[in-house]
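Below is one structure, written out as structure tokens, with a few remarks after it.
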Amino acid sequence: MKIDCILSPAELPALAKRDLRDATCVVFDVLRATSTFVTALHNGAKAVIPVAEISEALAIRQKQPGGLLGGERDGVKIRADQTSGGDFDLGNSPREYTPEKVRGKTIVSTTTNGTRALRACAGAQTVLAASFLNLTATAQFIRWLQPAQILLVCAGTRKNLADEDVLAAGALGEMLVRWGETAGEPKGEQKHPGSRGRSPHQKRIYGFSNSAETARNAWRKAKSNLLEVVSAAENARRLLAIPELCDDVEFCLRQDVFNLVAVLGHDGAIRISI
Ligand code: MLT
């Protein structure tokens with residue numbers, strides 16, 4: 001299996017020309033879009049529909065009036081003066097997506113980088129929304145799926161690379177390699193219902209591209225002081241300076257608190273894989 005990594009959003013437009021038909025794209029926007037989506041799904045949201053533009057979100061809501069509008073511009077909730085209508089229902093803080101607010105709801109979300117990165121992967125066989133919060137569950141799913149290509153996609157922040165996305169991508173790569181090398185059952189692994197006929201003990205060989213190796217090395221160096229490393233980076237500094245959002249940083253760096261896999265379906269909606 002080949003593992004490649006898109007480190008920065010500057011590389012996203014080139015994805016349209018790439019043949020991703022046998023690829024699984026794993027999209028990371030740790031601060032905060034993908035962390036928010038997996039939190040919403042864990043808390044009972046029916047689906048999350050990621051869209052690039054505010055106008056697209058408004059158009060979908062008009063057709064599906066029961067849904068919620070979520071997302072951000074410059075990190076904060078989208079307000080009436082940006083929509084020529086009302087305020088969005090939710091911002092992009094995962095802590096807002098409580099069971100009381102999201103259970104049974106479809107959320108249409110537009111964010112600066114995360115939702116665009118997810119949409120840029122539309123040509124892939126499988127697209128996963130990943131974060132530290134559901135890292136092991138995502139890795140286990142990929143291990144079961146055995147795609148020919150794995151493309152780790154770091155959504156970044158504005159036009160720049162985001163350290164926390166690269167670190168999460170590296171952590172996932174490291175997990176896959178560790179399991180491949182030991183060729184054993186990862187601790188606590190639950191077999192995916194569709195895994196019949198595939199041996200969980202089968203040894204996998206992973207070929208890392210330079211960028212995927214860079215992400216893996218970054219993770220190895222940073223993993224023992226993740227909060228400190230991420231807090232010094234652009235995206236976290238921006239959130240840490242906003243009193244009502246500063247707790248999002250620690251929230252999103254918790255590992256494996258949700259045992260779910262978030263798959264972007266061909267209908268454009270992210271749901272829990274069952
Ligand atoms: C994004 O999609 O760029 C973000 O997740 C930004 C944020 O949450 O502030």
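The values are calculated or read from the model by the stated rules, or taken from the named source; none is laboratory data. Note that the structure is predicted; figures quoted are calculated from it, not measured. So basically every Cβ, Gly included, is an ideal-geometry build from the backbone, and we count neighbours across all protein chains shown.
Just one of (1) at pLDDT 95 or above; (2) within 15 Å of the chain's Cα centre (by Cα) trips up GLN125, so point out which.
Going through (1) at pLDDT 95 or above; (2) within 15 Å of the chain's Cα centre (by Cα) one by one, GLN125 breaks only (2).
Which condition number does ASP87 fail, the rest of (1) in contact with a Ser or Thr (Cβ under 9 Å, 6 or more places away or on another chain); (2) over 30 Å from ALA212 (Cβ atoms) being met?
Here ASP87 meets the rest and fails (1).
When only residues in the stretch 220-265 that are more than 25 Å from LEU176 (Cβ to Cβ) and part of a loop (DSSP other than H, G, I, E, B) count, which is nearest to the ligand (Cβ to nearest atom)?
So the residue we want is LEU245.
Being in a strand (DSSP E or B), within 13 Å of the ligand (Cβ to nearest atom) and either out of contact with any helix residue (DSSP H, G or I) (no Cβ under 9 Å at 6 or more places or on another chain) or among the polar types (S, T, N, Q) (or both) is the filter here, so list the residues in the stretch 68-121 that pass it.
Quick first cut of the stretch 68-121, residues in a strand (DSSP E or B) only: 68-71, 73, 76, 106-110.
Then keep just the ones that are within 13 Å of the ligand (Cβ to nearest atom); that gives 70-71, 73, 76, 109-110.
Of everything in the stretch 68-121, those that are in a strand (DSSP E or B), within 13 Å of the ligand (Cβ to nearest atom) and either out of contact with any helix residue (DSSP H, G or I) (no Cβ under 9 Å at 6 or more places or on another chain) or among the polar types (S, T, N, Q) (or both) turn out to be VAL76, SER109, THR110.
Might you let me know whether the stretch 21-29 holds any residue that is within 13 Å of the ligand (Cβ to nearest atom), touching a residue at least 24 places away in the same chain (Cβ under 8 Å) and among the aliphatic types (A, V, I, L, M)? Even if it seems obvious, please write down each step before you answer.
Taking the stretch 21-29 as the starting set, the residues that turn out to be within 13 Å of the ligand (Cβ to nearest atom) are 27-29.
Next, only the ones that are touching a residue at least 24 places away in the same chain (Cβ under 8 Å) stay: 27-29.
Next cut, among the aliphatic types (A, V, I, L, M) only: 27.
Within the stretch 21-29 (the criterion being within 13 Å of the ligand (Cβ to nearest atom), touching a residue at least 24 places away in the same chain (Cβ under 8 Å) and among the aliphatic types (A, V, I, L, M)), the answer is yes, since at least one residue qualifies.
Out of the residues in the stretch 14-52 meeting the condition of being at pLDDT below 95 and not in a loop (DSSP other than H, G, I, E, B), tell me which one is surrounded by the most Cβ atoms within 10 Å (Cβ to Cβ).
Selected residue: LEU15.
Scan the stretch 244-267 and report the pairs whose first residue is closer than 26 Å to ALA232 by Cβ and whose second residue is of a type in the set (Phe, Trp, Tyr), with Cβ atoms within less than 6 Å and a gap of 6+ or a chain change.
That search, which allows pairs on different chains as well, returns LEU253/PHE132; GLN255/PHE132.
Please go through the stretch 143-162 and pick out each residue that is crowded, with 24+ Cβ neighbours inside 10 Å and either part of a helix (DSSP H, G or I) or within 14 Å of the ligand (Cβ to nearest atom) (or both). Spell out how you get there, then give the answer.
Here is the first cut: in the stretch 143-162, the ones crowded, with 24+ Cβ neighbours inside 10 Å are 150-157, 162.
The answer is VAL153, CYS154, ALA155, GLY156, THR157, ALA162.
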